[in-house]
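Some notes on the structure that comes next.
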Amino acid sequence: MLLRAQLRIVNKLLNKLYTFDYDSDHTKFKEKKNTNKKISRTRGLFITGTDTDVGKTLVACGLARLLRKRRINVGVMKPFATGNQIYSRNFKSQDTELLAAAANVGDMDDDLNPVFFPIAASPLMASMITKNQISLKSVLSAFQRIRRRHEFVVVEGIGGIMVPLTNSYLLGDFVKLLGLQLIVVSRPNLGSVNHTLLTVNACKKYGLDIVGIIINRMPSKPDIVESMTPQFIRKLTGIPIIAIIPEQARPNSQATCRCMERWFADYIGVNQQTT
């Protein structure tokens, strides 16, 4: 009761500043006016995050499932991945296996994940340690092959937008080469406002188009800071919060798909009927 009272007071104080309603139940979060941008079904989206382990794979898998339910031929890609070891015989990275399963695709792993290093580090550092150079030309060629096979491509990044890939290119440079719009995945916990602002400003520096921000891992009983974080991010960035995903005991793409559905129904510009 005390939290609800606090949030009502905060909502009144911020009403002139914010363009949306927010109830203490985060599932009631909604924009007063639809400011979401429509995206072309013939292109794709790049999923980046404010940090590593923020939930990029979960969001990318949820989006892939959602597009599949709407009969869109969706492809997926994890251009760069690193890890302590190769995951399996068929997939070098576990993230790639999850993405392929969510999209139900049979593309070769070398196209889905053209660059993998069996060491948990940024691609540039991993390439220096293993003495294996990264060829962005071959990665872009893999992307074009995936794009030709599918109507829409969901591409998951690695770490954050400023992760170094080579001596000359950061991840932001690569996204600009792809020509895709972005979704930024963030969290509601302390520090997320700063991390999100840094990510958004970096994207703006590259001239990248962020179509929305997703807040992942919202607790079922958020404290006042967690409850207000989406408001501050929306106000300070001017970018729509297109989904708030609850914290899941066992994260899975099906549950995330269901959670994202009502926000993306209009966003992706297709009807809500599913198969």
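Quick notes
- Gyration tensor verdict on segment 84-207 (Cα atoms; rounded if a/c is under 1.5, prolate if a/b is larger than b/c, oblate otherwise): rounded
- Spatially, segment 52-120 and segment 202-235 are offset by 24 Å when compared through their Cα centroids.
- Candidate residues F143, F232: accessible-area rank, largest first, probe 1.4 Å: F232, F143
- Evaluating 6.51 cos²θ - 1.76 cosθ + 1.60 at θ = phi - 60° for every residue in segment 97-113, the Karplus couplings come out as 4, 5, 5, 5, 5, 5, 8, 6, 10, x, 5, 5, 4, 5, 8, 5, 9 Hz, glycine and proline recorded as x.
- Theoretical FRET efficiency, 1/(1+(r/R0)^6), r = Cβ-Cβ of N252 and S88, R0 22 Å, to 0.05: 0.70
- Were the residues from N132 through R43 laid out at 0.36 nm apart, the gain over their Cα-Cα distance would be 28.9 nm.
- With θ taken as phi - 60° and the Karplus curve 6.51 cos²θ - 1.76 cosθ + 1.60 applied, the whole-hertz 3J(HN,Hα) list for segment 51-68 is 5, 6, 6, 8, x, 4, 5, 4, 5, 4, 5, x, 5, 4, 5, 5, 5, 4 Hz, x standing for glycine and proline.
- Other-chain or far-sequence residues with amide H under 5 Å of V76's (modelled H): V154
- For N216, distant residues with modelled amide H under 5 Å away: S186, R187, I245
- A 1.4 Å probe over all protein chains sorts K69, K221, K56, K176 by accessible area into K221, K176, K69, K56, starting with the largest.
- Contour minus Cα-Cα distance for A120 and M108 (0.36 nm per residue): 2.0 nm
- Farthest positive-ward along segment 116-170 dipole, Cα basis, beta-carbon charges - from V154, I129, V139: V139
The values are calculated or read from the model by the stated rules, or taken from the named source; none is laboratory data. Computed from a prediction, not measured in an experiment: that's the story for all the values here. Quick reminder, even Gly has a Cβ in these numbers, built from the backbone with ideal geometry, and neighbours come from all protein chains shown. These area figures cover heavy atoms from the full protein model, side chains too; ligands, DNA and RNA do not enter into them. Shrake-Rupley method; radii C 1.70, N 1.55, O 1.52, S 1.80 Å.
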